Amino acid sequence: MVAKFKGQYGTGLESWTYLGQNYLIVDRALIPDILMLLRDGEQFDYCVDLTAAHYPTREKQFEVIWILYSFERNERVRVKTSIAEGDSIPTAVGIWPTANWLEREVYDMFGIQFAGHPDMKRILLPDGWKGHPLRKDYGILQQDQEWVQINLGIESGQ
Amino acid sequence: MLEYIKSYLGSNLTPGSAGNMLWAFVYIALIFLGLSVAVIAMNWLERKILAHMQVRLGPMRVGPHGLLQPVADALKLLLKEDIMPAEADKLVFWLAPLIVVLAAFAVFTVVPFGPTHAVTDMNIGILFMLGVSSLGVLGIVMAGWASNSHYPLIGALRSSAQMVSYEVAMGLAVVSAVLMTSMNAQGTGTLSMIGIVQAQQQQGVWFIFKFFPLGFMAMGIFAIAMVAETNRAPFDLPEAESELTAGFHTEYSGFRWSLFFLAEYSAMIAVSSIAVTLWLGGWLRPFPNLLGGPLWDLVFSLAPGLSFLALGAMAAFNTFRMPRHSFFRVQTVGLALFAVLLAMIGVLMLAPGVRERVQDIFWFCFKVAVFMYLYIWYRGTFPRYRFDQLMRVGWKVLLPAGLGVLILTAIVGVLV
Amino acid sequence: MNDPITHSLSHLDLNTKDETFLDSNELIINMGPQHPATHGVLRVILKLDGEKVLGTECVIGYLHRGVEKIAEHRTYTMFNPYVDRMDYVAAVSNGLGYCQAVETLMNVEAPPRAKYIRVILTELNRLASHQLWLGTHALDIGAITPLFYTFRDREEILKIFEKYCGARLTTHAFRIGGCLYETYDGFEREVKKFLTFVAPKIDEYEELLTTNRIWVERTRGVGYISAEDCIALGVTGPVLRASGVRWDLRKAQPYAAYSDFDFDIPIGENGDTYDRYLVRMAEMRQSLRIIQQAVDGIPEGPIMAKIPKVIKPPVGEIYHSIEAPKGELGYFIVSDGSTQPYRLRVRPPSFINLQALDQMVKGQMIADVVAVIGTLDIVLGEVDR
Amino acid sequence: MNPVATPFFFYLLSTLAILGGVMVIVRRNAVHSAIALIVTLLSVAGLYLMLYAPFVAGVQIIVYAGGIMVLFLFVIMLVNIDRSMKERAFNKQWWIAIAAAVALGALFVSVFVKSKGLFPERGLPLAEESNTQQIGLYLYGNYMFAFEIASLLLLVAIIGAVVMAKKRI
Amino acid sequence: MVPITTTHYLVVAAALFVLGVIGVLTRRNVVIVLMSIELILNAVNLNLVAFSRMWGLHGQVFAIFVVVDAAAEAAVGLGILIAFFRNKETINVDEIDLLKW
């Protein structure tokens, strides 16, 4: 599978295995094609999860991770890509409808925009909240004081 | 004065028919009082019986076995803040519970607790009962509209649609029972509640058994329709807690809410008494044919007293089962007093003079109580219908069945 | 309709004029966050045409506690109790998933006896979770009695938990590397006694509901979802199986000691609420079978693997998932070699299953929304984390 | 049944009926109008009872107050628009209407004045007990044909109402 | 007190009739116009029943027919109203003055 992909796309695609779990590191530009191919060509028809991680020290700060599963092959694969702050990434809603809320959550928590998402807004936090809490520079006690004061009428949510 | 009362006791007319205003007011007061007590008792019984069906104890704290719970509830409701939503239509919001209660209580003017124990005997009695009980839906619609909120509005729309549709099936079932009254010696039927029971007495058969299974089917249709008519489980969609929070009375609280509560339970009692009057022989004692004769009459006339004695014995038994701890002393004494009270009522009812007068009322209330128990039983057993299913049951099952029973009753009545 | 809530309705086109009975009657109803049928603080905005649902939008996050953020500031051991607070009715399953994920990351394995204890407790927890689901689901549909029956029997399970680890709900039963506690005296006996006690009780629930005409009418054909839609929406657990997909992680990718046991995966055919009910009832019986086998075959031996005092997994990342009562519960952990996870992501089954609500209720009636929320078996603690 | 305090009840009921009628036409809010109309209908039912027409009274309560008025309230809720509360409640040509109505009232008054003695108090001995039976005999005897026509009319009305109100049949 | 004669009832009926006519002629809200028509029908019914006390039960039978007619009229009238409201968003009579839509 990986060999086939490499033949097709050349660089911009690496495959790794850690503790028996496979993952692909894919260039951002190839993301929509690879995801489509994984679903249609390799039967990864079930998008288990979609998440991200923040590495403030890297040049491309964010890593977006798709976890896929194939019922046919009983196999999991992870697809990862790195993007910089402010970059957007094409949405996967058209490929797996599951991605709808998951992408909203990633946006909510990390501030990563998904281009083409039908309803890109916060999901867990309130609509007017400022900041994206799962970024590493967002402290664990930090909160949107202004929002708390306006909407809850208290000085602090703690 | 005493002579006056005595002369009345011998009368065989209802106060309304006799044109006796004073006695009519006394009867109204008695019925109002009895109804309030019945609703309170029903509240306690429903909670207790439902609890025992559901492997729990129910109210146990206020008074022995929670006997004083309804009183505490009533006090709580009266003392609660009476909230009126700011956007509500004040006048209609205020009027709605009154209409509901009025409609539920006015019905009882023609309910015959015995051959002379009714406020009045109208010759359109059953028509009056159906008509007045259908006025309650106006109050419900008004309550839902006046609250100016979505849940009550949907609840009210559901409720009115439901009650109007089930009234049709209910009416058909009633008509087939009324048809049966015309097959007596004189050959004339009657709409009067007392007349219907007397027709059953004359013909020597309760209408539930007449033209078997036609009478039974008619009663079945009525028994289903009456549950829907009073918005009780499994037809409790207007107040479906899990869907509409509380339906049309979502915005009501305190005393106004308790009026709705009162109306719901008295409406249940009212429709049950229609069913009892039409099909179960009203105040007549069971098995008049099988177990006839003066000896059996005597035995059955002992039943009211004996059942109260049995209740008293139950209370006494439970008094001895109370935990022997000083903490429970008040409760134990209370339960013992309650047992003594029941036993005294029982003994009083065994006395020869009282016995004959009380047994009519006893049998009527006993039959109504059976229906009340059924209401509780349904609530413990059935899930709730969905709105389209409810309408389907009403229009596609009960209405054709009611029409069929009516036509068959007419045919059989002509042929027999 | 000048409603304050309409501004948040974006995908429900409020200006549609066709396909309605009476345009003025298009109601927007706000269901929740305080509503008896939303199982917590779920808020559903319903667009109604009379009784018919034209569209829904879920508003969640009222119970958001930032579990994933907390994880980044706690050591692996310290974070263990937090996972119990996600799906609080199936806390044992959450703990199992987390412990196994960290074990996989550290490349250690729990000893067999620990695995068996884990299986017994997890299956008991699955039973408790399904019982709670059944009670509340039946209550939503209007049958109040099953709730009390199921709670009575769930109590016995909670008693076993309490005796084992001292807590009833948020158990924190397992530790990374195995179990902290040995089974108490008479554990096997009590579990066996419970099995013989509960089997007839499950028949009792079925007696109340399975052939109850109103129950069948209320649930059959309601909230239909096809197998394809389930997979596309990532819906897992009993909901997926009721649509006819025989997929259970306990069989597909066995973890703990599940490969030792003989059990079936019940599936449904129609993918409606009634089938989901039947599947969950059958799953309760299968759980009993697994527990029976596990109790009979529990091996002797240590209950804790050799793990360092300070847990410092090597640099790397791992995804591990288990079959929780609600579906696939996954943990994605990124380790930077320190004592705290660099990033911990929970794949919550309730959150993803809830996404299917809109599709399942469209075109049905208000009462069905309640039934479908119940049948999805969501726990808001897990949806919002 | 001996009528009790007949004049008192007559004046009470007719005052209520007329007050209700006035409220029907002056209230801006249609729901209030409907409630006023219910009051009128029930008072008229009471008047029927005083006229020894219990069956008609019962029909009045069941059909009018229980049926038609619920329909009215239902429709008012369906078409309840706040706009109509702020607009004019009356037509532009209201004064012509009032004039015509006053003329009509004057006509009635003159008829009543002129016809004094035209309506002798015959007071037929109508048996109240058999009122329902009598009406039934008339309905299924003399007026059989009219009865059937009425039922046909109702059927047509049902179909017509459904066709009118439902967009997709 | 003056004994209640038939004329008393006729006066009440006439008052209700005039009120109904005023309602029909002046109100803009169709629902209230329909209710006024019910008032008129009730006035007629009251007359019929009052006269039936003098000339036998025929009046009461006729009153029942009038009630049937009122039910039919209300159902169809409200049906038309709903159909109209759906298309025109208004329930005012003076805006329903075109013969087609």
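The values are calculated or read from the model by the stated rules, or taken from the named source; none is laboratory data. Note that the structure is a prediction, hence the values are computed from the model and not measured. Glycine gets a Cβ as well: all are built from the backbone with ideal geometry, and neighbour counts include every protein chain shown.
Would you mind finding the one in E:Val49, E:Val18 that is over 10 Å from the mean Cα position of the chain (by Cα), of a type outside the set (Asp, Glu), at the interface with another protein chain (Cβ under 7 Å from one of its Cβ atoms) and under 19 Å from D:Val109 (Cβ atoms)?
Details: E:Val49 fails: under 19 Å from D:Val109 (Cβ atoms).
E:Val18 is the lone residue from the list that is over 10 Å from the mean Cα position of the chain (by Cα), of a type outside the set (Asp, Glu), at the interface with another protein chain (Cβ under 7 Å from one of its Cβ atoms) and under 19 Å from D:Val109 (Cβ atoms).
Going by the structure shown, is C:Leu132 within 19 Å of C:Ile290 (Cα to Cα) and part of a helix (DSSP H, G or I)? The answer is no for C:Leu132. A single entry from B:Leu337, B:Leu309, B:Leu341, B:Leu298 fulfils the requirement of being in a helix (DSSP H, G or I) and touching a helix residue (DSSP H, G or I) at 6+ places or on another chain (Cβ under 7 Å): B:Leu309.
A:Trp66 fulfils the conditions (1) within 9 Å of chain C (Cβ to nearest Cβ); (2) in contact with a Lys or Arg (Cβ under 8 Å, 6 or more places away or on another chain); (3) under 24 Å from C:Ala356 (Cα atoms); (4) surrounded by 22 or more Cβ atoms within 10 Å (Cβ to Cβ) except for a single criterion, (1). Only one of the numbered conditions (1) modelled with pLDDT of 85 or more; (2) under 20 Å from C:Glu72 (Cα atoms) is violated by A:Thr81, and that is (2).
Among the candidates C:Ala91, C:Ala138, C:Ala114, single out the residue that is surrounded by 22 or more Cβ atoms within 10 Å (Cβ to Cβ), under 18 Å from the mean Cα position of the chain (by Cα), in a helix (DSSP H, G or I) and more than 14 Å from chain B (Cβ to nearest Cβ).
Only one candidate passes the filter, namely C:Ala91.
Taking segment C:186-279 and the helices (runs of 4 or more DSSP H) fully enclosed by it, the elements with 3 or more residues that are surrounded by 15 or more Cβ atoms within 10 Å (Cβ to Cβ) and not charged (D, E, K, R) are at C:187-209, C:213-219, C:227-232, C:238-242.
Check B:Gly144, B:Gly139, B:Gly155 and return the single one that is within 11 Å of chain D (Cβ to nearest Cβ), crowded, with 20+ Cβ neighbours inside 10 Å, of a type in the set (Gly, Ala, Ser) and touching a Ser or Thr at 6+ places or on another chain (Cβ under 9 Å). Break it down into steps so the answer makes sense when it comes.
On the way: B:Gly139 fails: touching a Ser or Thr at 6+ places or on another chain (Cβ under 9 Å); B:Gly155 fails: within 11 Å of chain D (Cβ to nearest Cβ).
Step by step, each of B:Gly144, B:Gly139, B:Gly155 is checked, and only B:Gly144 is within 11 Å of chain D (Cβ to nearest Cβ), crowded, with 20+ Cβ neighbours inside 10 Å, of a type in the set (Gly, Ala, Ser) and touching a Ser or Thr at 6+ places or on another chain (Cβ under 9 Å).
Would you mind stating whether C:Asp49 is under 20 Å from the mean Cα position of the chain (by Cα), more than 27 Å from C:Thr211 (Cα to Cα) and among the acidic types (Asp, Glu)? Please lay out each step first, then the result.
Details: under 20 Å from the mean Cα position of the chain (by Cα): no; more than 27 Å from C:Thr211 (Cα to Cα): yes; among the acidic types (Asp, Glu): yes.
No: the conditions fail for C:Asp49.
In summary, B:Phe255 fulfils each of the numbered conditions (1) buried (at least 17 other Cβ atoms within 10 Å of the Cβ); (2) in contact with a Pro (Cβ under 9 Å, 6 or more places away or on another chain) with the single exception of condition (1).
Only one entry of B:Met21, B:Met53 meets the criterion of being among the hydrophobic types (A, V, I, L, M, F, W, C) and either at pLDDT below 85 or within 30 Å of B:Trp145 (Cα to Cα) (or both), and that entry is B:Met21. For segment C:296-320, a residue qualifies if it is part of a loop (DSSP other than H, G, I, E, B) and either over 17 Å from C:Pro111 (Cα atoms) or outside the structural domain of C:Val108 (by TED's automatic domain parsing) (or both), and the qualifying residues are C:Lys309, C:Val310, C:Ile311, C:Lys312, C:Pro313, C:Pro314, C:Val315. The set of residues in segment B:65-81 that are assigned to a helix (DSSP H, G or I) and not acidic (Asp, Glu) comprises B:His65, B:Gly66, B:Gln69, B:Pro70, B:Val71, B:Ala72, B:Ala74, B:Leu75, B:Lys76, B:Leu77, B:Leu78, B:Leu79. For segment B:126-134, the condition of being more than 11 Å from chain D (Cβ to nearest Cβ) and not in a loop (DSSP other than H, G, I, E, B) holds for none of the residues. Going by the structure shown, is A:Arg122 buried (at least 19 other Cβ atoms within 10 Å of the Cβ) and of a type in the set (D, E, K, R)? Considered against the rule, which asks whether it is buried (at least 19 other Cβ atoms within 10 Å of the Cβ) and of a type in the set (D, E, K, R), A:Arg122 comes out as no. The single condition among (1) surrounded by fewer than 24 Cβ atoms within 10 Å (Cβ to Cβ); (2) touching a Phe, Trp or Tyr at 6+ places or on another chain (Cβ under 7 Å); (3) part of a helix (DSSP H, G or I); (4) among the aliphatic types (A, V, I, L, M) that C:Ala367 does not meet is (1). Screening E:Leu57, E:Leu34, E:Leu78 for residues that are over 18 Å from the mean Cα position of the chain (by Cα), facing chain D (nearest Cβ under 8 Å), modelled with pLDDT under 90 and crowded, with 19+ Cβ neighbours inside 10 Å leaves exactly one candidate, E:Leu57. Of the residues making up segment C:75-88, those that are surrounded by 22 or more Cβ atoms within 10 Å (Cβ to Cβ) and hydrophobic (A, V, I, L, M, F, W, C) are C:Val83, C:Met86.
Residues that are within 11 Å of chain B (Cβ to nearest Cβ) and under 21 Å from E:Met54 (Cβ atoms), at least 2 per element: which helices (runs of 4 or more DSSP H) completely within segment D:1-73 meet that?
On the way: elements: D:6-26, D:30-50, D:54-59.
Because the criterion is at least 2 residues that are within 11 Å of chain B (Cβ to nearest Cβ) and under 21 Å from E:Met54 (Cβ atoms), the helices (runs of 4 or more DSSP H) in segment D:1-73 that meet it are D:30-50, D:54-59.
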